[in-house]
1. Answer yes or no: is there a residue in the stretch 358-367 that is within 10 Å of ligand 1 (Cβ to nearest atom) and touching a helix residue (DSSP H, G or I) at 6+ places or on another chain (Cβ under 7 Å).
2. Taking residue 317 and the conditions (1) within 16 Å of ligand 1 (Cβ to nearest atom); (2) under 19 Å from residue 233 (Cβ atoms), which numbered condition does it fall short on, given that it satisfies the others?
3. Determine if the stretch 25-43 includes at least one residue that is assigned to a loop (DSSP other than H, G, I, E, B) and crowded, with 19+ Cβ neighbours inside 10 Å.
4. Considering only strands (runs of 3 or more DSSP E) fully contained in the stretch 328-388, which possess at least 2 residues that are crowded, with 24+ Cβ neighbours inside 10 Å?
5. For the stretch 451-471, what are the residues that are out of contact with any strand residue (DSSP E or B) (no Cβ under 8 Å at 6 or more places or on another chain) and either surrounded by fewer than 24 Cβ atoms within 10 Å (Cβ to Cβ) or free of Cβ contacts under 8 Å to residues at least 60 places away in the same chain (or both)?
6. For the stretch 376-395, give me each residue that is more than 18 Å from residue 479 (Cα to Cα) and within 16 Å of ligand 3 (Cβ to nearest atom).
7. Would it be correct to say that residue 402 is within 18 Å of the chain's Cα centre (by Cα) and either within 21 Å of residue 220 (Cβ to Cβ) or away from ligand 2 (no atom under 16 Å from the Cβ) (or both)?
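Read-outs: derived from the displayed coordinates by stated rules, not from any lab. Keep in mind it's a predicted model, so treat the numbers as computed, not measured. Note: ideal-geometry Cβ built from the backbone for every residue, glycine included; neighbour counts use all protein chains shown.
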Ligand code: BES
Ligand code: ZN
Ligand code: ZN
């Protein structure tokens, strides 16, 4: 629970009073005298300056009502959301260590938008508190969950509370995407994606449609079916629809790769690191997260359709083989030369079905699509490929605002030529060079002329840039960017 208090922070009686401090001269920034007193000696001794990441703990004894004081640096860039998000994450880690349950936050800054700062700080604090231990025996000494957070801002308008609310939703959907990804392949299957969508429509104004195997066969979704061919579990095309009340609102289609485990199929992956391929559904998780955010916020000016093609990719006697030719939903034939390039096959059907059925004004897809994006961009930027500059701009801005940066790579006919096949319309691999681009060029065959952005999150969905509010495992990347894209849609 998060509350905003009008009182002075000196009245706070909980476990820890957190005091974020910017790196500014004393002439520019001063705390309340009682708190400022704690800073004087550490600052004189150069032990603390308010630099980002700096912290120290103090015990107020009888001078204050709380048990501990925790000073934390925010740094200089007070106009950056990221400074506050990172600071929130640092606080989350420290609170875990000292097992704080009730936290106060003395939140006072001059000359900045306090609501934005409060929002970003809360996001970092909540995302930084994330922890996944569903499959472990509870530890005796485990840190408790934070029960109550009380903000003591020096100006608490309705904007501040609104910012907190937005942060709570953003953090919740990020955590949801992380949870789905963290569930191992045997706990998170195509059926689980379908159940989640069903639950969403039971609780919110979201319509869900699950296309089970039979229906996919009737609709001739050859891509999803081919990838699923070797599996013991049936595939699902999971569809969620949010419609706003406005008559002439644009429709945004979100598509996320829901590959619940990617063994590579007959083109089997090497054993080392294969377990990580339980995360190959992170695109689907991001879309599910975004749909939950939309369900909660119910935007007034946009319709949103979310589609998650879901299956695992397994080798077996019935599995699709290199050399096989399949026909996708839109009638295009594909020569499968590597069964490990399966993401594009399931996305092909989701994209063309989405275009055909919902006639969207814009499409964003997210997928852990290529190892090549890690070669190109490492783990610090999501690869962005698009046929539309305006949509690119929107998605780039949304990502930047959320601390989920993107970097655009080109498309073009030279790359499209790399996926021409001798025996079918196209093939599912593009040969040497530009693996991320040829994968996107493949997807481009299934979006017609619709403005479209493809996000290759293979490098950022897990093992993302180490930050205080991003864990080592699944990052939940994409969910917050999508929600921000929708919040800012004009
Ligand atoms: N899911 C993988 C991509 C991937 C690799 C994600 C590493 C995260 C980390 C995808 O299905 C795949 O296997 N792609 C192949 C494509 C290749 C066969 C053209 C790849 O990147 O090696
Ligand atoms: Zn693969
Ligand atoms: Zn894959």
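1. Residues of the stretch 358-367 within 10 Å of ligand 1 (Cβ to nearest atom): 367.
Those still in the list that are touching a helix residue (DSSP H, G or I) at 6+ places or on another chain (Cβ under 7 Å) too: 367.
Looking through the stretch 358-367, at least one residue is within 10 Å of ligand 1 (Cβ to nearest atom) and touching a helix residue (DSSP H, G or I) at 6+ places or on another chain (Cβ under 7 Å).
2. The single condition residue 317 does not satisfy is (1).
3. First, the residues of the stretch 25-43 that are assigned to a loop (DSSP other than H, G, I, E, B): 25-32.
The next check asks that each one be crowded, with 19+ Cβ neighbours inside 10 Å; those that pass are none.
No; the residues of the stretch 25-43 include none that is assigned to a loop (DSSP other than H, G, I, E, B) and crowded, with 19+ Cβ neighbours inside 10 Å.
4. 362-367, 382-386
5. Within the stretch 451-471, 463, 465, 466, 467, 468, 471 meet the criteria.
6. Correct list: empty.
7. Yes.
Matching residues to (1) surrounded by 24 or more Cβ atoms within 10 Å (Cβ to Cβ); (2) more than 11 Å from ligand 3 (Cβ to nearest atom); (3) without any contact (Cβ under 8 Å) to a residue 40 or more places away in the chain; (4) under 24 Å from residue 328 (Cβ atoms):
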site: 217; (1), (2), (3), (4): no, yes, yes, yes
site: 224; (1), (2), (3), (4): yes, yes, no, yes
site: 237; (1), (2), (3), (4): yes, yes, no, yes
site: 245; (1), (2), (3), (4): no, yes, no, no
site: 276; (1), (2), (3), (4): no, no, no, no
site: 287; (1), (2), (3), (4): yes, yes, no, yes
